[in-house]
Amino acid sequence: MKVSGFTFVRNAVKFGYPVTEAIRSILPLCDEFVVAAGNSDDNTRELIASVDPSKIRIIDTLWDDSLRAGGSVLAGETNKALDAVSGNSDWAFYIQADEVVHERYLPVIQSAMEEWKDDQRVEGLLFNYLHFFGSYDYTASSRDWYRREVRIIRKQAGIRSYKDAQGFRKDGRKLNVKPLEAWIYHYGWVKSPGIQQTKQESFQRHWHDDEWLKHNVTVKQEFDYTVVGGLKKFTGSHPQVMKNRIESKNWDFHPDPRKNRLSQVKKVLQCIENLTGWRIGEYKNYRII
């Protein structure tokens, strides 16, 4: 069985992305790893190249900054990396620059890829998600955050990154997938307030035009982490590859548990979900078989 990892990245140092940790977390499962390295303003490319030259293959890309709708440039960069994956790979393991897999799940993932390798009905494998917010000590668990997404796909014609690179589709339809008892740890909302604010001001340009930004994005020194509700204290362990980054955290985050920014309707829906496990109206960009 041949497995290829792939991702895209730009300005990982500038915006505090744990991209090397993301790559290293799944590298033991991969025979090769393709990185689409965009035109960065920092030393992201050199950082990637230092991880494991024997497995990592870098393709240099130029982001089309004229694409200002729906984050489509992110899907485009994902597809550039996917297209560079070896054609004889059985599976392509996608991980974004702010996603990390805990080492405890590697055997589960390896076993699932072997189990479904020859079953062509299975076009992808579905992961659960933990979304960390504000610090490494809290997760965002409200219905505003997606619970699952496809991160392992077959290297097949027609499978492309969808919309803003959250998932994949084949010839426009949802992929047929098998769920895994494995989690992606999403750290995109864990940065110092200053870096998070800079990242938000920059990244919103991939979704909206200047007029929208003028009226909806406030230029300020630090991101306000109090604008989210439904936080839970995290009591588990983080992936070992995140140890140094977590120990170097240089900001404090102490959310007020009395504050909940969810609307009354969302509070009711969240209560139903907490009691039954059913998320009413949940968006699913996949089909479980």
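Taking the DSSP beta bridges with both ends in the chain, the antiparallel portion is around 45 percent. Under the convention that each Lys and Arg Cβ holds +1 and each Asp and Glu Cβ holds -1, the size of the dipole of the stretch 23-68 around its Cα centre is about 160 debye.
Result for the chain in a Gaussian network model with C-alpha springs under 10 Å: among ILE56, ILE195, ILE26, the largest mean-square fluctuation is at ILE195.
Ordering VAL73, VAL268 by the number of other Cβ atoms within 10 Å of each residue's own Cβ, fewest first, gives VAL268, VAL73. This ranking places HIS206, HIS186 by how few other beta-carbon atoms lie within 10 Å of each, fewest first, which gives HIS206, HIS186.
Given the Cα-Cα distance of LYS55 and ASP42 and 0.36 nm per residue of separation, how much length would full extension add, in nm?
Stretched out fully, the LYS55 to ASP42 stretch lengthens by 2.4 nm.
Picking from GLU46, GLU21, GLU247, which is most flexible by a Gaussian network model of the chain using Cα springs under 10 Å? Evaluated over the chain, the most mobile residue of the options is GLU247.
Each part reduced to its alpha carbon centroid, the stretch 136-153 and the stretch 165-227 end up 12 Å apart. For ASP90, ASP137, ASP64, the sequence from fewest to most other C-beta atoms within 10 Å is ASP64, ASP90, ASP137.
Overall form of the stretch 110-256: oblate. Here a/c, set by the Cα gyration tensor axes a ≥ b ≥ c, is 1.5 or more, and a/b is not larger than b/c.
Calculated FRET efficiency, ILE289 and PHE203, Cβ-Cβ r, R0 30 Å, to nearest 0.05? Let's see the in-between values first.
Details: r = 34 Å, r/R0 = 1.14.
That pair, ILE289 with PHE203, gives E of 0.30.
Counting only DSSP beta bridges whose two residues both lie in the stretch 68-212, roughly 70 percent are antiparallel. Fully extending the segment from LYS232 to LEU275, taken as 0.36 nm per residue of separation minus the present Cα-Cα distance, adds 13.9 nm. Rounded to the nearest whole Hz, the Karplus-based 3J(HN,Hα) values (6.51 cos²θ - 1.76 cosθ + 1.60, θ = phi - 60°) of the stretch 231-239 follow the sequence 8, 10, 5, 8, 10, x, 9, 8, x, with x at glycine and proline. Seen from every direction in turn and averaged, the convex hull around the alpha carbons of the chain projects onto 15.6 nm².
For the residues GLN120, GLN96, GLN196, a GNM of the chain with alpha-carbon springs under 10 Å puts the largest fluctuation on GLN120. Dividing the summed -39500 (n - 2.57) terms of all DSSP H runs of n ≥ 4 by the residue count of the chain sets its mean residue ellipticity at 222 nm at -7000 deg cm²/dmol.
Per residue, the average separation of C-alpha pairs within less than 8 Å and at least 6 apart gives the chain a relative contact order of 21 percent.
Spacing of the modelled spin labels on VAL217 and LYS243, each 7 Å from Cα toward Cβ, amounts to 3.7 nm.
Computed from the coordinates by the stated procedures, all read-outs in this text should not be read as laboratory data. This is a predicted model, so every value here is computed, not measured. Reconstructed Cβ throughout: ideal geometry from the backbone, glycine too, with neighbour counts over all protein chains shown.
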